[in-house]
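K.L.:
Structure in structure tokens, see below.
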Amino acid sequence: MKKTRHTPNQIITKLRKVEAARAEGRTVADAVRDIGVTEQTYYRWKREYGSMDRDQLKRLKDLEKENKRLKKLVADLSLDKDTLKEALEGKY
């Protein structure tokens, strides 16, 4: 079976579909089968994205992007610092 990656927006949409099906009285297994994932995947998604709405998801993505940028900046500065330290000690 081909593995697919779902975007966070798709995940939230699918979680809402399962919630709607559960409200109609269907079982989790039936509802999850309709969205095309396993129950394990559903529960993992529910744990990670279950309480989020789209605004919170956008905020999370922005924070992750900023965190990635800052980590790269720290790595670059640390490399520069180490290079300068070695040059001052005469290890070049």
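No value in this document is a laboratory result; all are computed from the given coordinates. Not measured: the values here are computed from a predicted model. Here Cβ is always computed from backbone atoms with ideal geometry, including for glycine, and neighbour counts include all displayed protein chains.
K.L.:
Could you identify the single residue in Leu77, Leu88 that is exposed (fewer than 10 other Cβ atoms within 10 Å of the Cβ), more than 14 Å from the chain's Cα centre (by Cα) and over 30 Å from His6 (Cα atoms)?
P.N.:
Details: Leu77 fails: exposed (fewer than 10 other Cβ atoms within 10 Å of the Cβ).
On inspection, the qualifying residue turns out to be Leu88.
K.L.:
I would also like to ask the following. Within the stretch 37-55, take every residue that is outside any helix (DSSP H, G or I), exposed (fewer than 12 other Cβ atoms within 10 Å of the Cβ) and not acidic (Asp, Glu) and give me the one that is nearest to the chain's Cα centre (by Cα).
P.N.:
Only one residue fits best here, namely Ser51.
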